[in-house]
């Protein structure tokens with residue numbers, strides 16, 4: 001096996017491991033697809049676009065660093081900084097979405113189980129009229145996918161840049177292209193595969209009676225992913 005082929009196989013293997021061991025790469029898509037009633041094509045499209053942004057951000061930084069002669073240590077520091085940034089973005093998004101989920105929970109009937117002082121006055125005045133058709137309403141919001149995309153653009157692929165430096169030292173453009181391509185394809189394919197399996201698996205669970213909890217659950221899962229990324233290095 002020649003060197004470029006070996007680098008390509010290594011890059012593909014690291015792309016798979018990097019993605020599979022990082023719950024932040026797929027959990028947000030799975031829980032949001034369920035909470036917002038995204039169908040499979042929409043879920044896959046959003047995951048794909050976010051994955052391209054995720055890999056593309058690190059590829060661009062790596063190529064610029066190599067072209068400008070920036071040291072690997074400095075680029076690694078940039079990636080670590082991006083990792084901290086995306087963790088805080090996930091935490092912030094998770095907090096915001098949890099608050100939104102709690103509001104939706106109250107609005108959709110959850111307030112019947114809480115004392116009045118915890119319930120906004122506007123919600124207390126709303127009668128609980130959630131029909132089956134409303135529960136199954138397809139989400140048309142454009143903001144959430146863009147938020148995910150922006151977060152994933154900031155998300156670093158920590159193992160990619162050191163891999164790019166190996167062929168760069170040898171001045172092999174083909175090697176750089178191969179590493180970036182195989183790492184990117186494997187990373188995005190792994191993200192989409194896990195999200196698809198998660199989306200498919202959740203469809204077998206009976207969530208209809210629990211629909212009012214789904215936004216709150218999604219927010220808590222995203223918040224947990226951000227906290228895990230920050231404190232546990234997911």
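Summary table below
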item: Packing-based exposure ordering (other Cβ within 10 Å, fewest first) of 187, 10; result: 10, 187
item: Packing-based exposure ordering (other Cβ within 10 Å, fewest first) of 171, 36; result: 171, 36
item: Diffusion coefficient, µm² s⁻¹, Stokes-Einstein with Kirkwood Rh over alpha-carbon pairs of region 7-96 at 25 °C and 0.890 mPa s; result: 162
item: Compactness of region 6-46 as Cα Rg over 2.2 N^0.38 Å, two decimals; result: 1.51
item: Order of 202, 58 - criterion: other Cβ atoms within 10 Å of each residue's Cβ, fewest first; result: 202, 58
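Coordinate-derived values only; no laboratory data. Note that the coordinates shown come from a computational prediction; the quantities given were computed from them, not determined experimentally. Backbone-built Cβ (ideal geometry, glycine too); neighbour counts: all protein chains shown.
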